[in-house]
Amino acid sequence: MATIARPVPGTVTPRPNIASADVQLPGVRDYEQVDNEIIGTMTPTAGWFGALGLAIVCMLIGASSWVYQIYWGLGQAGYAPPVMWGVYIITFVFWVGIGHAGTLISAILYLFRAGFRTTIYRVSEAMTVFAVMTAGLFPIIHIGRPWKFFWLLPYPNWRLIWPNFKSPLVWDVFAISTYLTISTTFLYVGLIPDIAVLRDRETNPVRKRIFSILSLGWRNSDREWRHFARAYLFLAAFSTPLVLSVHSVVSFDFAMALTPGWHATIFPPYFVAGAIFSGFAMVWTIVIPIRRWFNLKHYVTLNQLDATAKVVLFTSLVVGSAYLIEFFIAWYSGVPAEIEYFYNRVFGQWWWSAWILLCCNMVMPMSLFSQKLRRNTTWLFILSLFINLGMWYERWVIVVPSLSHEFEPWQWTHYMPSWVDMGFLVGSFGWFFMWFLLFTKQLPVFALAEIKEIIPPKMRGGHHGEPDVSGGGHQGPVAAGGTH
Amino acid sequence: MQGVVASFRELDAAVHAIEDLRQQRLGDVTVFSPAPRHELEEALGNPPSPVRRFTLVGGLLGVTFGYWVAIWTSNYWPMVTGGKAIASWIPYTIIGFEMMVMIGALSTVFGMFYVNRIPRLTMTVGYDPRFSHGDYGVFVATDNLSKAEELLRRHGAAEVRGER
């Protein structure tokens, strides 16, 4: 959003917002086109109903698994002592990680004035909120008695007992609840001006009333924009350290334990980089079909996808380095349990999962060194699915081999998820996509107001005052940011 | 409150009208625009937003509460471990930080709502749905309606009307 600038005397020379100065959308002419095309995506289609139905079926599979587990007990979860963390914690970390790219795109890239975020940030923010909503279910599921979850919160009670604030699980409660609250607030605040647009266009009285309430009487006045811009900046400034802290706190769940493979100071940056890596992959999984199905290729240009691909490549190199450093530290430490554990991870009991992880997260993203592949949307979509798979397996490789191969050989065991575990995994995807699909038809998936900030305003004499836009996109080395 | 509202299709026309209105001191000017524009802010010359004060106070309250709740509950229900400190500030920094972010961000939003006077149940004088779509609106609160109307038309307003 706009920032306060010093007055410039003389004639009016339109200047783009500095937050989006390096991105141009040559295929978008004016504000009316933005409203019409983006709001046009909110009309339900047969394909949307089909996808929503599939998501609800998957969600019901998860719900049924939960009912079954509550009835028969936590023993249905496939835990095999000492492996008492399994698919639930893996999927929890996976979904928290997915959420991170949303905040990175909406807050961190906003502070860094990275223009390529402008058209994809709304999708990413919504993805964050729904991913954290999904992740938040898993600790509650894992408790076994979900109705006792409020014991984790500090509240006055007749037993006079309080949570242990030195426990990483209590840090998790604070981190995740803060993250969910702030990401939801950030999403909603950004949506207020767009909901006002929907309110002003809506003809159905019931929907108009709902949009009127949700838009809080927003009028697009200069006063509102001025305070909004400042609040948005501060929200971004709060969200930036928050996003780094949340996955660091999640990594403390592991790093604070003495278990081989977990007790490492590298975990917080390693987890944060992995979270951003997987989150960007999920952004591709969602955005690439949206831009194709709704014919919005002139909003999410190849140059923008190219920029996101560079972020993915960079974070892939970071997590790849972390994997290799873990092996080095294990060898250099001289601790037999650590050395044995890492050998077992790659060449022993769990070799297949480790190699899935290494191929998906280290080897395949190397293809993004090729500019041609960075600009091939089909390849980016396929790669995103492999990265999602690889990042789920990364958490598998962290959780299961460590717990099944601790210090004492008599403790070594095997672990395979039960059908209840897999039901929850399927259900989590159903839950996530159900909310996301509902969101796409109720609210604009691209930010109307921020895109309008990029579009050159109408000037007297019928010309737009922006500089030449023939380059066709932001910063891209290839001219005419193609939109296929 | 009465005044005149004008709808402009072009940004520079709206900017020149605002500058002229301020020069003539006809009354308080409110501008409506589909997206924030630097040019309009510069023409209006408004002071910086006070939202930052809400952010500061909320953040300080949050971090204080975070440390306090962790330290107080530890002392109230002590878990003595090998002579270590009952209240350990290092892990409690996580609680302090998270509460700073939570309360600081929420108070920022509250501050933005407060200074903007939202939620607002009714539309105020001068607003038109076109101003969220594509046009720029300039409203001047004045009793000298004819002079304001003439000025706005001279600067190329597509439509001018009196509001009460």
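All of the numbers you see were taken from the coordinates with simple rules; none came from a lab. Everything numeric in this text was worked out from a predicted model, so none of it was measured. Every residue, glycine among them, receives a Cβ derived from its backbone with ideal geometry; neighbour counts consider all protein chains shown.
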Can you list the aspartates and glutamates whose alpha carbon sits under 13 Å from that of A:LYS372, skipping same-chain ones fewer than 8 residues off? A:ASP306
By per-residue mean of other Cβ atoms within 10 Å, what is the highest-first order of A:237-245, A:438-446, A:191-199? A:191-199, A:237-245, A:438-446
In degrees between 0 and 90, to the nearest 10, how far off the longest principal axis of chain B does helix B:11-24 point, with axes built from Cα atoms? 80 degrees
Go through segment A:448-458 residue by residue and turn each phi into a ³J(HN,Hα) via Karplus (6.51, -1.76, 1.60, θ = phi - 60°); whole Hz please, and just put x for glycine and proline. 4, 5, 5, 5, 5, 5, 7, 5, x, x, 5
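To the nearest 0.05, what FRET efficiency results for A:ILE70 and A:THR413 with a Förster distance of 25 Å applied to their C-beta separation? Don't skip to the end; give the middle numbers.
Working: r = 26 Å, r/R0 = 1.03.
It comes out at approximately 0.45.
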Let me know the mean shielding of A:174-182 by other chains, meaning the per-residue number of their Cβ atoms within 10 Å of its Cβ. 5
What is the Cα coordinate range of the protein assembly as shown on the first, second and third principal axes, sorted by size from largest, in whole angstrom? 93, 60, 46
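Evaluate peptide B:84-91: per residue, the Cβ atoms of other protein chains within 10 Å of its Cβ; return the mean as an integer.
2
Given the rule -39500 (n - 2.57) for each run of at least 4 DSSP H residues, summed and divided by the residues of chain A, what is its mean residue ellipticity at 222 nm, to the nearest 500 deg cm²/dmol?
Values: 15 runs with 297 residues, N = 484.
The helix contribution divided over chain A gives -21000 deg cm²/dmol.
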For chain B, divide the Cα radius of gyration by the Kirkwood radius and give the resulting Rg/Rh value with two decimals. 1.30
From phi via Karplus (6.51, -1.76, 1.60), per-residue ³J(HN,Hα) for segment A:28-33 in Hz, x at Gly/Pro: 10, 8, 8, 4, 4, 5
Checking the cross-link filter: which lysines have an alpha carbon closer than 19 Å to that of B:LYS84, excluding same-chain neighbours under 8 positions apart? A:LYS166
Kirkwood-based shape ratio for segment A:287-333, expressed as Rg/Rh from alpha carbons: 1.35
Give A:LYS148/A:LYS208; A:LYS208/A:LYS297; A:LYS297/A:LYS458; A:LYS208/A:LYS458 a once-over and call out the pairs whose C-alpha atoms are over 31 Å from each other. A:LYS148/A:LYS208
For chain A: relative contact order, % (alpha-carbon pairs under 8 angstrom, 6 or more apart): 33 percent
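Would you mind getting me the FRET efficiency between A:ALA80 and A:TYR188? Use the beta-carbon distance for r and R0 = 45 Å, nearest 0.05. Could you put the intermediate results ahead of the total?
Working: r = 43 Å, r/R0 = 0.96.
According to the calculation, E is roughly 0.55.
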Please work out the C-alpha center-to-center distance from segment B:10-30 to segment B:37-90 and express it in whole Å. 41 Å
Phi to ³J(HN,Hα) by Karplus 6.51 cos²θ - 1.76 cosθ + 1.60 over segment A:293-310, Hz, x for Gly, Pro: 5, 9, 6, 10, 5, 7, 9, 9, 7, 4, 5, 5, 5, 4, 5, 5, 5, 5
Taking the alpha-carbon centroid of each part, what is the distance from segment A:127-169 to segment A:69-124 in angstrom? 16 Å
Which percent of Cα-Cα pairs in segment B:51-116 sits in each 10 Å bin, short to long? 24, 38, 22, 12, 4, 0
Among the aspartates and glutamates, select those whose C-alpha is under 18 Å from the C-alpha of A:LYS310, and discard any that sit fewer than 8 residues away in the same chain. A:ASP22
Answer with one residue from A:ILE356, A:TRP392, A:ILE288: the one whose Cα lies farthest towards the positive end of the charge dipole of the protein assembly as shown, charges on Cβ with Lys, Arg +1 and Asp, Glu -1. A:ILE288
